[in-house]
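Here's the structure, in structure tokens; my notes come after.
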Amino acid sequence: MKPLHILACHQCDALLSAARDRSAVFYCPRCNATVLRAVPKRLDHALALFLAAGVCFVLANVFPIVAIEAAGATVYTTLIGAVQSLHAESMNIVAVVVVLTTLVIPSIELLCVILLLMLAQLNHSSWALSFLFRVREALRPWSMVEIFVLGSLVAIVKLGNIANVVLGIGIWSMGAFIILSAAASHVFDPLEFWSEIKVPTTRLLK
Amino acid sequence: MTKAVITAASRGFYVCQVCEQLSQRVSEVAHYCVRCGANLHFRKPQSLQRTVALLVAATILYAPANLLPIMRTTSVGYDQDDTILSGIVTLWSGPSWPLAILVFFVSIIVPSFKLISLSLLVISTHRGGKWRLQERAALYRAIDFIGRWSMLDVFVVSLLVSLVQLRGVASIHAGFGAPAFASVVVLTMYAAQSFDPRLMWDRA
């Protein structure tokens, strides 16, 4: 079976034929969903941006996010610190949700995409490639660092009139992480990615 | 227009839900995507049943999520319990009304809108028909996109709990509204993911 030049809309299943114009966005004529967004192939740019995002993510977790100065004392918190406080309050469901969505899932997702792009640079095609791709796609909706940063903003404003709030390195690093990973995701289009990779022919259906 | 459309499933093609590769059905055995190895189905399995089950669970938890306090502020001489809504009122009358509007949108409007619209989508898909198909398709995409942002308040509470621990002066503790609210967000996200929008086009 040869690779097909037709696509199916993932929202309404209409079969479509699309010329692969490099500068176009295709919408499904039936339901208007975005079917294909052609982006120039720049996997090495994506890899560089994801690596930079990884550095920022490490900094975001090591350094304090915010500190408050009140009543002569300074209290600061890190992401892990916030999770520990929730655990100490016996709010384990909330602690698990927070640690998964802001720490565990973003790190696994980032590791997957970095390994994926590295293997792709080596023109290496194996089960690992598809495995990493599937893991990343499954985790993506559950990575919520950008929502956490907005939440920090709300928390900072709420504390503004009772204490002096100091922004930590952690929150700036998170901001940088969000911008870098958004830029990387823009360059790295999962659908384009596969046209760069040779799929082992033995696994194609006859 | 909708009558002339040929779907992938009608011609025996699977669309991979992970990488969108098309694969042709060749036999009765389970199929895996030739490109990324994901399980292939013509439609998400038991889509409507799963969506309904998750919606029911989310609706049950919706009441405690909104009625129970999500946090308790203990200061010298007084305790104050805050629900999601009273937290927004404090923000509105106090430090920042634009943020209050934002929080109101993601914590109150989005979860209730999601529960109502997903139920509407399930019912209209179950009944079939062409009623406002384009709008229903757009509605599903909007729900799928915006749902995660409701987690905002959970993060606000976790930061406040961790920061405001000034012994003898003021402290903030999490309330049982917080786990209920986090569960509503997770369950409705799963519900939106289990719904297969292609079913409404199949039954049009």
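Below are the figures for this structure:
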| quantity | calculated |
| --- | --- |
| Principal-axis tilt of helix B:177-194 within chain B, Cα atoms, nearest 10 degrees | 10 |
| Scattering curve values for region A:41-203, log₁₀ I(q)/I(0), Debye with Cα scatterers, q = 0.09, 0.11, 0.12, 0.20 Å⁻¹ | -0.37, -0.52, -0.60, -1.24 |
| Per-q log10 I(q)/I(0), the protein assembly as shown, q = 0.10 Å⁻¹ (Debye; single scatterer per alpha-carbon; no solvent) | -0.76 |
| Folded to 0 to 90 degrees: helix B:47-67 orientation relative to chain B principal axis, Cα | 10 |
| Extension gain (nm, one decimal) between A:VAL104 and A:ARG140, 0.36 nm per residue minus Cα-Cα | 11.8 nm |
| Crossing angle, helix B:84-93 versus chain B [Cα axis fit, 0-90 degrees, rounded to tens] | 60 |
| Selection from B:GLN134, B:ILE70, A:LEU59, by position along the positive dipole direction of the protein assembly as shown (Cβ) | B:GLN134 |
| When the convex hull of its Cα atoms is projected in every direction, mean area for region B:1-42 (nm²) | 3.2 |
| Share of pairwise Cα separations in chain B, more than 25 Å, in percent | 51 |
| Proportion of all alpha-carbon pairs of region B:23-67 beyond 15 Å (%) | 61 |
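Read-outs: derived from the displayed coordinates by stated rules, not from any lab. Remember, predicted model here, so these are calculated numbers, not experimental data. No Cβ is skipped: glycine too gets one built from the backbone with ideal geometry, and neighbour counts run over all protein chains shown.
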